[in-house]
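The values are calculated or read from the model by the stated rules, or taken from the named source; none is laboratory data. Quick caveat, the model's predicted, so the values are computed rather than measured. Backbone-built Cβ (ideal geometry, glycine too); neighbour counts: all protein chains shown. Heads up: the accessible areas ignore ligands, DNA and RNA and are worked out on the full protein's heavy atoms, side chains in. Shrake-Rupley method; radii C 1.70, N 1.55, O 1.52, S 1.80 Å.
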Amino acid sequence: MAATLKDLPGTGSFARGIHPEDRKIFAADAAIEVAPTPRDVIVPLHQHTGAPCEVVVKNRQSVSMGEVLGEAEAFVSAPVHTPIAGKVARTGVVTLPNGRHVAAVPVRSDGDQLEGQDLFEDMFGGDWPVTDLDGHSADQIVDAVRRAGIVGMGGAAFPTHVKLTPNKDKPIDVLLINGSECEPYLTADYRLMMEAPAPIITGALLAARAIGAERIVIAIEDNKPRAIGAMEQAVAGTGVEIAGVTTRYPMGGERQLIPAVLDREVPTGGLPLDVGVVVLNVGTCAAVARAVLRGKALTHRIVTVSGSGIEYPKNLLAPIGISYQELIDHCGGLRSSAARVLSGGPMMGFSLGELDAPVTKGTSGITVLTQDDLIDQEETPCVRCGRCVDVCPLNLVPTKIALAARHRDWDLARQYHITACMECGCCAYACPAQIPLVQLVRMGKALLPRP
Amino acid sequence: MAEDTPREAEAQASPEAHINVAPSPHLASTSGACTTRWMMLDVLIALVPLIVAALVVFRLYAVKQLAICVVTCVVAEALFTRWRGRHANLNDLSAVVTGVILALSLPWSAPWYVGLIAGTVAIGLGKIVFGGLGQNLFNPAMVGRAFVLVCFPVALGATAYQSDTSALDAVTAATPLTRAVQDGESASLWSLFLGNVNGSLGETSALACLAGGIFLCLRRTASWEIAAGTILSTAVVALIAQLLGDGVLSMLHHILAGALLFGAFFIATDPVSSPLTPTGKWIFGVGIGLFVMLMRLFSGYPEGVMFAVLLMNATTPLINRWTIPRPVGGPAPVQV
Ligand code: SF4
Ligand code: SF4
């Protein structure tokens, strides 16, 4: 494996999985561009795992950038902030790409905005110290992260302060930074690592202080040599390690990445902290640094807009709450050949029927596929070829789970470990009969009676 | 993207692209045999060397047998699915594959009605009664072959292969395994390897079986675990038998002669009737090899591949149940 993996216990790879074409070429070389300030944003009150926020602003109230719009009492939750200065309008309901209907606060732009290069500098520029971070106690760090509303930006949107809160029973020794970005098309993390490695590393050091981890490892897939190079330069002298891991989908999954780098197996139904690990995405780390050192909330994120159905693929620094339509328009709009618009990448992304949904903290990209990318094959009977078994990264038997779900045979579904499935899509990708395995498993999980 | 300027105009002219929604994943594999039809095509391509070998050795007999079996299987598939009120999907080519494999497993001399009956039974009893493609418990071609073997023991027995009056060299002698059982005489390994020995259409040339089989395994259309399991276990048992001085056949004879290679690569690897997991595939393959050797060594019956495959087919659901793999991270904890 890459020389960068030398002192780590893992092999840099995991068993099974697939090798989809990475198609990152569309946007890989497009430098991060700041999206123009929209006239309106609509900020969902529930963008994260956990309790939804309550509105804390009044209709017509004037807000400045970074002001809290909604928050919740619950521990597992994250406040939301306005990314622009403006006037609050009446709370409405939006439909997120995952199908959830959530309350959302509209803000209409008003007054001076921080935008363009200034915004980029404010987010990622300036000095990011890697030493003398001792002045920040663990509690301060966790509190700043919580107030900034930071959630996992790789897609799962789990509140970060929860992960960083020390747990006496489960000591953490390794902080693993996930820069693998294994979904095809997406390049947001890649660009961030190349253009702003410093805040990532500062954020990682701060997070490691909070959880008391001695070791920090940044894992990057080996199809991104330039990102590995940039990060290697940036970590010089900090003690942070870089692990070049094999390019294989779904390397970015915690259950793949942790064994690949650390040779530890996360128990089914458990969390990385059960094996002494916390995993943070690179974007999340940068947000942590910004929150702790500069007191800034999570108001913007990098969104890759890519795919053959998009006129000019780009990586945009976009305000949270901007509509998908606006970002797509900024990239030249949909081509007439566009056939499917996805929130996220093609393996796990949700397809959109309407483009007016708002970008959330977990939106890693917008992928627009054309009919040529999609395989429009009719479903044929399962020929029990076992390919789904050969690729399942969790070593499940997808065909049996899907069959059990189809027949509502919950005992059989449990026997075949339906709840372990992470819905990565490898099985359906490989199935020659085009059986919607993931959809069936997902449906099965939803209908599975609680024991 | 300089060449994209005209597209820009196009995009502006029709901003409303027709987008659709579907569940993830949104990409499917495009490498290897990525549809069922392609898998079947793969099998047919892999069968080409065997068909050529059969044509060279058995000439018109081979043509006749192949034609009868393939046509019967396809027609039977169409008719039976129509009766079941289903839409017959002949495009997946599975009926053609069954037909070719059936033809290659019959002796050159089998009369026309044997192919006809075997094909009808293969598709009807072997496949459609179970619910069509993907549902059958047994390998359809072997069901058809077993049926005719029971019905026409003479037309398909050891003597069927031999003809003193035929113009073909190969068929004036008994099949190598029959000769070994009856006369204690073993064929030259070289002729077994290249072909030009008597036997069912598909089993004459070990070389052709290997070429086609290895192609299939490389394409991942056939599971190499099954083929390897079958060949290895046969080899081990045959080697023990050879060392104990039992019989006239060496280990290599057991592997190269008869339907072993053909069976290991083309019959046992039928995905539908074999297990799903790699462990299950090994058990299945090893089981076939053991049964083959059991029959060859301890019964008067010189072959054994067909029965071994059918026997192991019957155990496939059981093997699947035994070999549920341990998920990464262990089984989910029982919730309370
Ligand atoms: S890959 Fe598809 S056809 Fe093959 S066993 Fe799995 S579900 Fe069946
Ligand atoms: S979606 Fe589930 S069953 Fe399918 S490959 Fe991924 S983990 Fe395995």
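Every condition in (1) under 30 Å from A:ILE366 (Cβ atoms); (2) more than 16 Å from the chain's Cα centre (by Cα) is met by A:PRO171 except one, and the failing one is (1).
The residues of the stretch A:15-44 that are within 14 Å of another protein chain (Cβ to nearest Cβ) and of a type in the set (Val, Ile, Thr), listed by number, are A:ILE18, A:ILE25. Just a yes or no: is a residue in the stretch A:47-59 touching a helix residue (DSSP H, G or I) at 6+ places or on another chain (Cβ under 8 Å), surrounded by fewer than 17 Cβ atoms within 10 Å (Cβ to Cβ) and not assigned by TED's automatic domain parsing to the domain that holds A:THR246? No, there is no match, as no residue in the stretch A:47-59 is touching a helix residue (DSSP H, G or I) at 6+ places or on another chain (Cβ under 8 Å), surrounded by fewer than 17 Cβ atoms within 10 Å (Cβ to Cβ) and not assigned by TED's automatic domain parsing to the domain that holds A:THR246.
All of (1) more than 14 Å from chain B (Cβ to nearest Cβ); (2) open to solvent by less than 10 Å² (accessible area, probe 1.4 Å); (3) part of a loop (DSSP other than H, G, I, E, B) hold for A:PRO346 with one exception: (1).
Could you check the stretch A:384-395 and list, in sequence order, the residues that are more than 7 Å from ligand 1 (Cβ to nearest atom) and assigned to a loop (DSSP other than H, G, I, E, B)? Within the stretch A:384-395, A:CYS392, A:PRO393, A:LEU394, A:ASN395 meet the criteria.
Might you let me know whether the stretch A:404-419 holds any residue that is within 22 Å of the chain's Cα centre (by Cα) and either more than 15 Å from ligand 1 (Cβ to nearest atom) or within 7 Å of chain B (Cβ to nearest Cβ) (or both)? Yes, that holds for at least one residue. A single entry from A:VAL102, A:VAL94, A:VAL130 fulfils the requirement of being more than 21 Å from the chain's Cα centre (by Cα) and outside any helix (DSSP H, G or I): A:VAL130. Within the stretch A:413-427, the set of residues being more than 10 Å from ligand 2 (Cβ to nearest atom) and either in contact with a His (Cβ under 7 Å, 6 or more places away or on another chain) or open to solvent by 20 Å² or more (accessible area, probe 1.4 Å) (or both) comprises A:ARG414, A:GLN415, A:THR419. Give me the residue from the stretch B:304-334 that is touching a Lys or Arg at 6+ places or on another chain (Cβ under 7 Å) and within 14 Å of chain A (Cβ to nearest Cβ) and, out of that set, most open to solvent (accessible area, probe 1.4 Å). Result: B:VAL328. Listed conditions (1) closer than 16 Å to A:GLY345 by Cβ; (2) in a loop (DSSP other than H, G, I, E, B) are all met by A:ASN167, apart from (1). Of all residues in the stretch B:30-56, those satisfying the criterion of being open to solvent by 70 Å² or more (accessible area, probe 1.4 Å) and either farther than 26 Å from A:ARG23 by Cα or in contact with a strand residue (DSSP E or B) (Cβ under 8 Å, 6 or more places away or on another chain) (or both) are B:ARG37, B:ILE45, B:VAL48, B:VAL52, B:VAL56. What's the number of the condition A:VAL441 fails, among (1) part of a loop (DSSP other than H, G, I, E, B); (2) among the β-branched types (Val, Ile, Thr); (3) more than 7 Å from every other protein chain (Cβ to nearest Cβ)? Single failed check for A:VAL441: (1). One residue stands out in the stretch A:349-360 among those that are within 9 Å of chain B (Cβ to nearest Cβ) and part of a loop (DSSP other than H, G, I, E, B): the one that is most open to solvent (accessible area, probe 1.4 Å), namely A:GLY353. Selection over the stretch A:428-438 of residues that are open to solvent by less than 30 Å² (accessible area, probe 1.4 Å), at the interface with chain B (Cβ under 9 Å from one of its Cβ atoms) and either more than 9 Å from ligand 2 (Cβ to nearest atom) or closer than 10 Å to A:PRO398 by Cα (or both) gives a count of 5.
Restricted to the stretch B:148-167, and to residues that are out of contact with any Leu (no Cβ under 7 Å at 6 or more places or on another chain) and modelled with pLDDT of 80 or more, which residue is most open to solvent (accessible area, probe 1.4 Å)? In this case the residue turns out to be B:VAL150.
Residues in the stretch A:322-343 that are among the small types (Gly, Ala, Ser), assigned to a loop (DSSP other than H, G, I, E, B) and on the phi < 0 side of the Ramachandran plot: A:SER336, A:SER337. Looking at A:PRO398, A:PRO381, just one residue is at pLDDT below 90 and within 15 Å of ligand 1 (Cβ to nearest atom), and that residue is A:PRO381.
Residues in the stretch A:117-137 that are small (Gly, Ala, Ser) and open to solvent by 30 Å² or more (accessible area, probe 1.4 Å): A:GLY126, A:GLY135, A:SER137.
Being in contact with a strand residue (DSSP E or B) (Cβ under 8 Å, 6 or more places away or on another chain) and surrounded by 20 or more Cβ atoms within 10 Å (Cβ to Cβ) holds for only one residue in A:SER77, A:SER62, and it is A:SER77. Filtered by the rule that a residue be aliphatic (A, V, I, L, M) and within 13 Å of chain B (Cβ to nearest Cβ), the stretch A:302-318 gives a lone residue, A:ILE310.
Taking the criterion of being open to solvent by less than 70 Å² (accessible area, probe 1.4 Å) and either polar (S, T, N, Q) or in a loop (DSSP other than H, G, I, E, B) (or both), the residues of the stretch A:17-35 that qualify are A:GLY17, A:PRO20, A:ASP22, A:ARG23, A:ALA27, A:ALA28, A:ALA30, A:ALA31, A:ALA35. Please tell me if A:LEU298 is buried (at least 19 other Cβ atoms within 10 Å of the Cβ) and touching a Leu at 6+ places or on another chain (Cβ under 8 Å). In short, no. Taking the stretch A:401-412 as the range and being more than 10 Å from ligand 2 (Cβ to nearest atom) and either of a type outside the set (Phe, Trp, Tyr) or buried (at least 24 other Cβ atoms within 10 Å of the Cβ) (or both) as the test, the residues that pass are A:LEU403, A:ALA404, A:ALA405, A:ARG406, A:HIS407, A:ARG408, A:ASP409, A:ASP411, A:LEU412.
Residues in the stretch A:361-369: is at least one within 7 Å of chain B (Cβ to nearest Cβ), away from ligand 1 (no atom under 16 Å from the Cβ), open to solvent by less than 10 Å² (accessible area, probe 1.4 Å) and in contact with a strand residue (DSSP E or B) (Cβ under 6 Å, 6 or more places away or on another chain)? Yes: one or more hits.
Among the residues making up the stretch A:243-278, those that are of a type in the set (Val, Ile, Thr), open to solvent by less than 10 Å² (accessible area, probe 1.4 Å) and more than 14 Å from chain B (Cβ to nearest Cβ) are A:VAL245, A:VAL261, A:VAL278.
Being over 17 Å from A:ASN281 (Cβ atoms) and crowded, with 22+ Cβ neighbours inside 10 Å is a property that holds for A:ALA144.
Quick check on the stretch A:370-395: of everything there that is open to solvent by 30 Å² or more (accessible area, probe 1.4 Å) and facing chain B (nearest Cβ under 7 Å), which residue is nearest to ligand 2 (Cβ to nearest atom)? Only one residue fits best here, namely A:ASN395.
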